[in-house]
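Asks: This is the structure I want to talk about, given as structure tokens.
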Amino acid sequence: MVALIRTSLMLLLLFMILTGVLYPIAVTGIAHGVFPQQATGSIIVKNGKAVGSRLIGQQFDDPKYFWGRLSATSPYPYNGAASTGSNLGPTNPNLTAAAEGRIKALREAEPGNTSKIPVDLVTASGSGLDPHISPAAAEYQLHRVAMARGIDDAAVRALVAQHTQEKRLGIIGEPVVNVLALNIALDER
Amino acid sequence: MTGNAYLQMGLYFCVLMLLAKPLGVYMARVYEGRSSGLNRALGPVERLFYRICGINPDEEMSWKKYAGAVLLFSAAGFLFLYLLQRLQGMLPLNPQKFAGVPPDLAFNTAVSFITNTNWQSYGGETTLSYLTQMAGLGVQNFVSAASGMAVLVALIRGITRHSSETIGNYWVDLTRSTLYILIPLSLVYSLLLVSQGVVQTFSGYKTVQLAQTITYDKPKLDDKGSPVKDEKGNPVTEKAEMKEQVIPLGPAASQIAIKQLGTNGGGFFNANAAHPLENPTALSNFLEVLAILLIPAALCITFGRMVGDIRQGWALLSAMTIVLVTLMVLCTWSEQGGSPRFASFGVDQSANDLQPGGNMEGKEARFGIVNSAIWATATTAASNGSVNSMHDSYSPLGGLYPLLLIQLGEVIFGGVGSGLYGMLVMAIITVFLAGLMVGRTPEYLGKKIEMFEMKMAALVILIVNALVKVGTALGVATAAGVAGVANPGPHGFTEILYAFSSAANNNGSAFAGLSANTVFYNTALGIAMFIGRFWVIIPVLAIAGSLAKKKQVPASLGTLPTHTPLFIALLIGVILIVGALSFLPAWALGPLAEQVTAAR
Amino acid sequence: MSSKSKKRSLFDPAIIQKALKDSLAKLNPAHQIRNPVMFVVEAGSALTTLLFFHAVLTGKGEASPSFILQISLWLWITVLFANFAESMAEGRGKAQADSLRKTRREVLAKRLARPKPDAEVTKTASSQLKKGDIVLVEAGDVIPMDGEVVEGVATVNESAVTGESAPVIRESGGDRSAVTGGTTVLSDWLVVRITSNPGETFLDRMISMVEGAKRQKTPNEIALDILLAGMTIIFLLVCVTLLPYSFFSVKAAGQGTPVTITVLVALLVCLIPTTIGGLLSAIGIAGMDRMIQANVIALSGRAVEAAGDVDVLLLDKTGTITLGNRQATEFIPAQGVQVDALADAAQLASLADETPEGRSIVVLAKEKYGLRARDIHTMGATFVPFTAQTRMSGVDLDGREIRKGAADSVEQYVKKQGGTFPPEIRAIVDDIAKRGATPLVVTDKARVLGVIRLNDIVKGGIKERFAEMRRMGIKTIMITGDNPLTAAAVAAEAGVDDFLAEATPEAKLKLIREYQQGGRLVAMTGDGTNDAPALAQADVAVAMNTGTQAAKEAGNLVDLDSNPTKLIQIVEIGKQLLMTRGTLTTFSIANDVAKYFAILPAAFLSIYPALGALNIMGLKTPESAVLSAVIFNALIIIFLVPLALRGVKYRPLGASVILRNNALIYGVGGLIVPFIGIKLVDMLIAALHLV
């Protein structure tokens, strides 16, 4: 028994050194060497200032920007320090209320647009930090953004296309538009 | 469902099977102590481990000693992990200066990780220091998985050996599982994940400038830091502005690799694999969801190899795959259906080339419906428990399928090792029923299944089943339990049912709306996880010991073949009956009631 | 008791009447606790009865008193049905025991002071006799107790035990020395040493066995019990926890009433495996009963079950595979000898030979060569009988010395006479032996006349039986004292899988041990004292009733017909027993699905009215839905009693085919049948306005 306990503790200590210290250090070392940008958060730097991460969405509600998914993080949306989904059940009235709120905002920002709203624009993402929307959601907002910025739709559409990621290998995943990158590109125009 | 949905699922299973075969063969070599190709590099490390710990690798253990070693090693892990969390405030590698974890949460998290459950009561980026993540959670991610694999290998030895008192050496099985299987795979995987954008760094969180300033309602706090409430009890808010965003970082990739491979599932970040820094792209998602089932699937092949009849392994793998594919398709179909209420608001829920459609609440745009449903069913089939979408927001039936997969006892792929040993217990029960039906004392792979085995098998099923039912009853009957419920109506019941199902079956996923970080849930779920793991391991090892002692019965025409489609069908039947049948009344009050009510 | 009367009809009114009475007596909880499943049902019945009285007395019952009463009544009926099934099975065994008991009447035995027939006699009641006492039994006397003949030869009528009316010979020494208490000596006398104490005789053991008084649960039955108990606990938890679940749901839905205790009890009884639980002991008793009907007494229940598992059958060649006797089939003359002359000499040598082989030689000579049998005494011939020393028999006649015997003995004889044994005869002998027949060499003094071929005659239909066994996965092994050549030929003709030639008791024992070492279950039959060690070692050992006491003690089954092929039937009965348990368990569990669909929507309808969508059977009202499920659950037990008593039919097909058939019939059937059954009961209830 004593021998078993001793072995348990020794082995745990060795595994801690190996898998808890050496392993992550080794991975970090290699990662920084080979993929320095990705390993440190895919930060977008503009004029020497970090303005966001390509992978973390930001809150937009100005008509001149493309809007992203709803975010349920607290106390404010797209709080990078506390990722979470809404966890609203399918029959929860708050779920419909949130969607209705977003629908109302979208309709108010562009009263002339009567097309159906893509579902990803009225639902909260799982992480609350989703950087993407669907191409359909971008298309829905395209005219509004162009109007607000006083440029023609085609120019915006070209930018959207630039920031659209197709399915990998044509099969895997969904086509998405990176909202933050697109909005930064719009600002840079 | 679109054609692309089937194509993605097909691709997933194809790649899984293609990889499972060689990995399974490799693992069989590792456990049989034969040369595996990595011996030259890792052999010296292995021998060094044995020398330092005073382990004689040739010493064989009886099942009781083996079980004792499993328990002691887990106890050591628990103690260490608990202390590490409590003391993290005084320890290094804590750039965010997190304080020590409160006792109930530390207990829950420690049990959660030594049992390979990885239930997340904690929020990674808000509670745990880098040191706790790496040297605490990260280590248990490896060794709790390796423990499960070791117990499985001991059971396989029980089947293959005859007239033997011993079932192997736990220290050796544990060490070899970690060194030869988990570490090499994790190394490769973590680098693949970093390439996709998963972070891996020791520097602190990064603050960035927002493109658009946010104005929001900030809860007003009094001097003591607690929220101020108005006379009606609602929190008082004030307008506030936010110009910056915090980008959480950390050594995530190395931990995510093993949390996926070792069916752990405890996220580096709170949102788990839905978090863009934990699972940034469709490709990283494919790799991660592949990792969930990779070792459990490959272990079936290992099993076939070790018992000397590869068909036996394929039979179990087929049974698992059939159940999973069925539920995966059903879940996708259910989620793709979307919400009837949204349709009435003029929301477009159709799936096409430009949008995923369906029920997108709690799902990420880059994963859409299909990859969320694949993940949700794979992670609950295996006792992984990581999520890339929020199960709580699934449609009633879409959420029922993951729940069902958990309640089946985590034998459809299941945890690494634990899934297959659970499956073997199911096979033993099936063989017993089928054997009686053909008029013979049942035997499985040449071992007679008798009283003792049935007693232990019944115990395995009974304990987990009872934990879920009694736990849920406790949850719905106590004020502390009901207080955690986030959603009204039958959905709230499902949240509690899901929590106890997940904990007792060591899955770890959640209907996350449930506020589980309370003394009640931390304690109750912690106990459920503990019993659900070790009170299953002990009977399983007892079966291993009892089978090892028996003589090998040679097969004859009167022997029931256990690799045929008929047996696979029966096995699935038994799994459904044991797992699903007794939960039907509970579903009626949860997801089924919600579904029929919503459909009205 | 003729063997015909044993084929008792399933529905013997006398047995049914007694069973009905017994099933009431069995309501005693002390009896029910032995069967956890039915104990739960009884507890549920009692609980609902209390609820009924509560509802009537206070007027504030959880449901209408009439509904509670009907549920409660049907639950009691469920218990009664299960009791009835058990009583039926026991009743059939008791009837058998009663007829056995009649033979065990008290007799006055003639106790001897010494083991000599002329010793002084004391009249003693048979119940006073003890082991070791010596008694004299004369013609017309009933043998008082089991014993062993120490002196004398007598014919005995054993029909009281065996049902076979032809008398048998019992004599001291050898394999026919055992006598059974209760049998009658027909002629002559016997001196018998009593070998058992009162209450321990063979007859006593048989009686207690068939009555089921000593019936212990067999290993497989216990294993199944564990599984059933496990499921019962799970479903108990389902129902108990449903109460808090439904309280919560009432709050969550803001409407309805929690599920009632009555409905919970009804659900519980419907879910736990009552069908198999209620019939389990009946199946076991009925299995023993079927053995008895086959005229086999099982001395342990374990042996019946083990019979179904047998992998290897050891069968004696003689009497089991071949007819007891070899027969002459050909005369092969030596060079220069006419075949008629050989036939004539062979017939002469055999005229006085009363063995079946001898007689077959006489018959062959007569049929093939027209030689009529002659009276040896009128011819003045002297018969030379077979002795262990010469190992030949023959006749001395007119200076001729005709001998017949095994080649080796004859060769010695010829050489002693100064002759030579012709090599061509040796060749013929070897050839015959190689073909599985037995050669007898005939010689006249030193002149070898030729060879008689004796053939083993394989029983008709035996090859098909063995093929059947092979399909069942059972390996057949022939045991014989013959040389390997002979053995191989007979084995090939009979179609056995293997054989053990020149078998000695030690070789048999070794063979059994080897197979058991390899994990196989071995069955064998035996009758001689020298079989006893092998019988004791075998897993299933069938002793012939005509065999010695030692053999009977060593065996765990006794075949009253002393028919060695009975083993095959025994295996089938064993398999039937296991199959009946397996299929009814499957059926029982499969039934649960339909019962859920009947009860769940009814139970939760007030909380979530939309759950009515689950009422796919379209049952009239919640009350009638619950009641029909309970009634169906009770009725199915009584419907399945005949199946439980008769057993599921066994056909010798491969394991996969049997499994597929049974899984389809009892698994899929078990899913579908209750949907129909419950719907029918519901329609009936609606028609009768019961609720």
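The values are calculated or read from the model by the stated rules, or taken from the named source; none is laboratory data. This is a predicted model, so every value here is computed, not measured. Using ideal geometry, Cβ is built from the backbone for each residue, glycine included, and neighbour counts are taken over all protein chains shown. The accessibility values were calculated without ligands, DNA or RNA, using every heavy atom of the protein model including side chains. Shrake-Rupley method; radii C 1.70, N 1.55, O 1.52, S 1.80 Å.
Asks: Of (1) open to solvent by less than 10 Å² (accessible area, probe 1.4 Å); (2) facing another protein chain (nearest Cβ under 8 Å); (3) farther than 30 Å from B:P340 by Cα, B:A528 satisfies all except one. Which?
Replies: Of the numbered conditions (1) open to solvent by less than 10 Å² (accessible area, probe 1.4 Å); (2) facing another protein chain (nearest Cβ under 8 Å); (3) farther than 30 Å from B:P340 by Cα, the odd one out for B:A528 is (2).
Asks: Does B:D104 fit the bill of being open to solvent by 30 Å² or more (accessible area, probe 1.4 Å) and not in a helix (DSSP H, G or I)?
Replies: Considered against the rule, which asks whether it is open to solvent by 30 Å² or more (accessible area, probe 1.4 Å) and not in a helix (DSSP H, G or I), B:D104 comes out as no.
Asks: Could you list, in sequence order, all residues of the stretch C:264-294 that are open to solvent by less than 10 Å² (accessible area, probe 1.4 Å) and in contact with a strand residue (DSSP E or B) (Cβ under 7 Å, 6 or more places away or on another chain)?
Replies: Selection gives C:M291 alone.
Asks: While we're looking at this one, here's another question. How many residues does the stretch A:164-189 contain that are under 20 Å from B:I374 (Cα atoms) and crowded, with 19+ Cβ neighbours inside 10 Å?
Replies: 5
Asks: Any chance you could count how many residues in the stretch A:46-71 are within 9 Å of chain B (Cβ to nearest Cβ) and under 30 Å from B:L192 (Cβ atoms)?
Replies: Final tally of qualifying residues: 12.
Asks: Say we look at the stretch B:308-347 and pick out the residues that are of a type in the set (G, A, S), over 11 Å from B:G358 (Cβ atoms) and outside any helix (DSSP H, G or I); which of these is farthest from the other protein chains (Cβ to nearest Cβ)?
Replies: B:G308
Asks: Could you please let me know if B:A427 is more than 7 Å from chain C (Cβ to nearest Cβ), in a helix (DSSP H, G or I) and more than 30 Å from B:T523 (Cβ to Cβ)?
Replies: Considered against the rule, which asks whether it is more than 7 Å from chain C (Cβ to nearest Cβ), in a helix (DSSP H, G or I) and more than 30 Å from B:T523 (Cβ to Cβ), B:A427 comes out as yes.
Asks: Any residue at all in the stretch B:212-219 that is in contact with a Leu (Cβ under 7 Å, 6 or more places away or on another chain), facing chain A (nearest Cβ under 8 Å) and either open to solvent by 10 Å² or more (accessible area, probe 1.4 Å) or among the aliphatic types (A, V, I, L, M) (or both)?
Replies: The answer is no; no qualifying residue exists.
Asks: Here's another thing I want to ask about it. Is it the case, given these coordinates, that B:G266 is crowded, with 23+ Cβ neighbours inside 10 Å, within 23 Å of A:A26 (Cα to Cα) and either within 16 Å of the chain's Cα centre (by Cα) or not assigned by TED's automatic domain parsing to the domain that holds B:L137 (or both)?
Replies: yes
Asks: Same structure again: Quick check on B:F520: is it out of contact with any strand residue (DSSP E or B) (no Cβ under 8 Å at 6 or more places or on another chain), closer than 28 Å to C:K251 by Cβ, open to solvent by 10 Å² or more (accessible area, probe 1.4 Å) and among the aromatic types (F, W, Y)?
Replies: Yes; evaluated as a whole, the condition is true for this residue.
Asks: Name the residues in the stretch B:442-456 that are open to solvent by 10 Å² or more (accessible area, probe 1.4 Å) and more than 11 Å from B:T562 (Cβ to Cβ), would you?
Replies: The answer is B:K448, B:E450, B:M451, B:F452, B:K455, B:M456.
Asks: Can you name the number of the only condition in (1) surrounded by 16 or more Cβ atoms within 10 Å (Cβ to Cβ); (2) under 48 Å from the mean Cα position of the chain (by Cα); (3) of a type outside the set (V, I, T); (4) at pLDDT 85 or above that C:D408 fails?
Replies: (1)
Asks: Inside the stretch B:575-586, can you point out the residues that are more than 9 Å from chain C (Cβ to nearest Cβ), surrounded by fewer than 24 Cβ atoms within 10 Å (Cβ to Cβ) and either at positive phi or part of a helix (DSSP H, G or I) (or both)?
Replies: B:I575, B:L576
Asks: Please find, among B:L400, B:L404, the residue that is open to solvent by 10 Å² or more (accessible area, probe 1.4 Å), within 13 Å of another protein chain (Cβ to nearest Cβ) and closer than 28 Å to B:P591 by Cα.
Replies: B:L400
Asks: Looking at the stretch C:463-495, which of the residues that are out of contact with any helix residue (DSSP H, G or I) (no Cβ under 6 Å at 6 or more places or on another chain) and part of a loop (DSSP other than H, G, I, E, B) is surrounded by the most Cβ atoms within 10 Å (Cβ to Cβ)?
Replies: This residue is C:I474.
Asks: Quick check on my filter: what residues within the stretch C:578-630 are among the basic types (K, R) and within 37 Å of the chain's Cα centre (by Cα)?
Replies: Residue satisfying the conditions is C:R581 alone.
Asks: So, B:A434, is that one within 12 Å of chain C (Cβ to nearest Cβ) and either at pLDDT below 95 or not in a helix (DSSP H, G or I) (or both) or not?
Replies: yes
Asks: Just to be sure before I move on: is A:G80 in the same structural domain as A:V177 (by TED's automatic domain parsing), touching a residue at least 40 places away in the same chain (Cβ under 8 Å) and closer than 24 Å to B:S129 by Cα in the structure I sent?
Replies: When the stated conditions are applied, A:G80 passes them.
Asks: Considering each of B:V143, B:V151, B:V139, B:V194 in turn, give the residue that is in contact with a helix residue (DSSP H, G or I) (Cβ under 8 Å, 6 or more places away or on another chain), outside any loop (DSSP other than H, G, I, E, B) and farther than 30 Å from A:H32 by Cα.
Replies: B:V151
Asks: From (1) open to solvent by less than 10 Å² (accessible area, probe 1.4 Å); (2) assigned to a helix (DSSP H, G or I); (3) in contact with a helix residue (DSSP H, G or I) (Cβ under 6 Å, 6 or more places away or on another chain), pick out the condition that doesn't hold for A:Q141.
Replies: Of (1) open to solvent by less than 10 Å² (accessible area, probe 1.4 Å); (2) assigned to a helix (DSSP H, G or I); (3) in contact with a helix residue (DSSP H, G or I) (Cβ under 6 Å, 6 or more places away or on another chain), only one is false for A:Q141: (3).
Asks: Let me ask something else. I'm checking my understanding of the structure. Among residues of the stretch B:107-129 that are within 22 Å of B:G532 (Cβ to Cβ) and in a loop (DSSP other than H, G, I, E, B), which one is farthest from the chain's Cα centre (by Cα)?
Replies: Ranking the qualifying residues of the stretch B:107-129, first place goes to B:Y122.
Asks: From the set of residues in the stretch B:274-295 that are within 9 Å of chain A (Cβ to nearest Cβ), in a helix (DSSP H, G or I) and of a type in the set (A, V, I, L, M, F, W, C), which is surrounded by the most Cβ atoms within 10 Å (Cβ to Cβ)?
Replies: Among residues in the stretch B:274-295 that are within 9 Å of chain A (Cβ to nearest Cβ), in a helix (DSSP H, G or I) and of a type in the set (A, V, I, L, M, F, W, C), the one surrounded by the most Cβ atoms within 10 Å (Cβ to Cβ) is B:A274.
Asks: Among the residues that make up the stretch A:87-98, is at least one of them part of a helix (DSSP H, G or I) and buried (at least 20 other Cβ atoms within 10 Å of the Cβ)?
Replies: yes
Asks: Okay, next question. How many residues, within the stretch B:468-490, are within 14 Å of chain A (Cβ to nearest Cβ) and not polar (S, T, N, Q)?
Replies: The number of residues fulfilling the criteria is 6.
Asks: Go through C:L584, C:L578, C:L600, C:L611 for me and flag whichever is surrounded by 22 or more Cβ atoms within 10 Å (Cβ to Cβ) and more than 8 Å from every other protein chain (Cβ to nearest Cβ).
Replies: After ruling out the rest, the residue left standing is C:L584.
Asks: Please enumerate the residues belonging to the stretch A:99-128 that are assigned to a helix (DSSP H, G or I) and charged (D, E, K, R).
Replies: A:E100, A:R102, A:K104, A:R107, A:E108, A:D120
Asks: Can you tell me which residue in the stretch B:547-567 is farthest from the other protein chains (Cβ to nearest Cβ), limited to those that are surrounded by fewer than 21 Cβ atoms within 10 Å (Cβ to Cβ) and part of a helix (DSSP H, G or I)?
Replies: B:K549
Asks: A follow-up question, please. Restricting the search to the stretch B:363-383, which residues are of a type in the set (A, V, I, L, M), in a helix (DSSP H, G or I) and within 12 Å of another protein chain (Cβ to nearest Cβ)?
Replies: Across the stretch B:363-383, the qualifying residues are B:I369, B:V370, B:I374, B:A376.
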